[in-house]
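Inspection log for the structure reproduced underneath, given as structure tokens.
The values are calculated or read from the model by the stated rules, or taken from the named source; none is laboratory data. Since we're looking at a predicted model, the values are computed, not measured. Neighbour counts are summed over all protein chains in view; Cβ atoms, including those assigned to glycine, are modelled from backbone coordinates with ideal geometry. Side chains included, ligands, DNA and RNA excluded: accessible areas come from the protein's heavy atoms. Shrake-Rupley method; radii C 1.70, N 1.55, O 1.52, S 1.80 Å.
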Amino acid sequence: SYENPLMIEMKYFQTLNLKEGWNLVSFYVEADDMTTAAVLAPIQDKLLQIKNLTQSYDPNLPFFLNTLSSLSVNDGYWLKVSEDVSLDVEGYVPSGASIDVKSGWNLVGYPRSSGEGVADELTSLGNTVLQIKNLVETYDPNLDPDLSSSLNTLSTMAPGSGYWLKMEEAGTWTVGT
């Protein structure tokens, strides 16, 4: 594919405003160095732990005990801080992502810089989605239409938020274009 040599990729900043305690987050900016230590270096004195479903990182543990060595825009993370703090990540915003999901619950990221409607974003998964939720809102595509407007509180996906996605079967979630 022909690339215009004058086209410059824009660098973006993502700011995560973290509250004391646990936060459910994701990254939509891909930094040049996505190692956990590098991305979280600006808040390392307030960072207690970050983890996904299978791996974790604690800056106070010896490096060989930390299994979460790098971060991905495809994943959601639980991030625990000792006090309210903002984290800035500088890098590029991917134009889209393909996220492999398994049957049951998945902890996923949302690699977009602007929020889109939840129903539209889940189109690529067809009718295999059982539920998607963040810490306060939920969306169930299978609800009775008369009830869905009052029970489905999650209408727009939020960049920087992590999500629990419950699937009927494994598949690939295509986010963005």
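The set of residues from the range 80-105 being assigned to a strand (DSSP E or B) and out of contact with any Lys or Arg (no Cβ under 8 Å at 6 or more places or on another chain) comprises Lys80, Ser86, Leu87, Asp88, Val89, Gly96, Ala97, Ser98, Ile99, Asp100, Val101. All of (1) within 20 Å of Val175 (Cα to Cα); (2) in contact with a strand residue (DSSP E or B) (Cβ under 6 Å, 6 or more places away or on another chain); (3) open to solvent by less than 40 Å² (accessible area, probe 1.4 Å) hold for Leu71 with one exception: (2). When the range 82-126 is filtered for residues that are among the polar types (S, T, N, Q) and either more than 18 Å from Trp173 (Cβ to Cβ) or in contact with a helix residue (DSSP H, G or I) (Cβ under 8 Å, 6 or more places away or on another chain) (or both), the ones remaining, listed by number, are Ser82, Ser86. Within the range 141-177, the set of residues being modelled with pLDDT of 85 or more and among the β-branched types (Val, Ile, Thr) comprises Thr153, Thr156, Thr172, Thr174, Val175. Report, by residue number, each residue of the range 130-157 that is in a loop (DSSP other than H, G, I, E, B) and open to solvent by 40 Å² or more (accessible area, probe 1.4 Å). Residues satisfying the conditions are Leu135, Val136, Glu137, Asp140, Pro141, Asn142, Leu143, Asp144, Thr153, Ser155. What about Ser86, is it within 23 Å of Arg112 (Cα to Cα), modelled with pLDDT of 95 or more, open to solvent by 20 Å² or more (accessible area, probe 1.4 Å) and of a type in the set (S, T, N, Q)? Spelling it out, Ser86 is indeed within 23 Å of Arg112 (Cα to Cα), modelled with pLDDT of 95 or more, open to solvent by 20 Å² or more (accessible area, probe 1.4 Å) and of a type in the set (S, T, N, Q).
Across the range 107-120, not a single residue is classified as open to solvent by 60 Å² or more (accessible area, probe 1.4 Å), in contact (Cβ under 8 Å) with a residue 12 or more places away in the chain, closer than 24 Å to Glu20 by Cα and not polar (S, T, N, Q). Residues that are over 14 Å from the mean Cα position of the chain (by Cα) and assigned to a strand (DSSP E or B) within the range 106-129 comprise Gly117, Val129, listed in sequence order.
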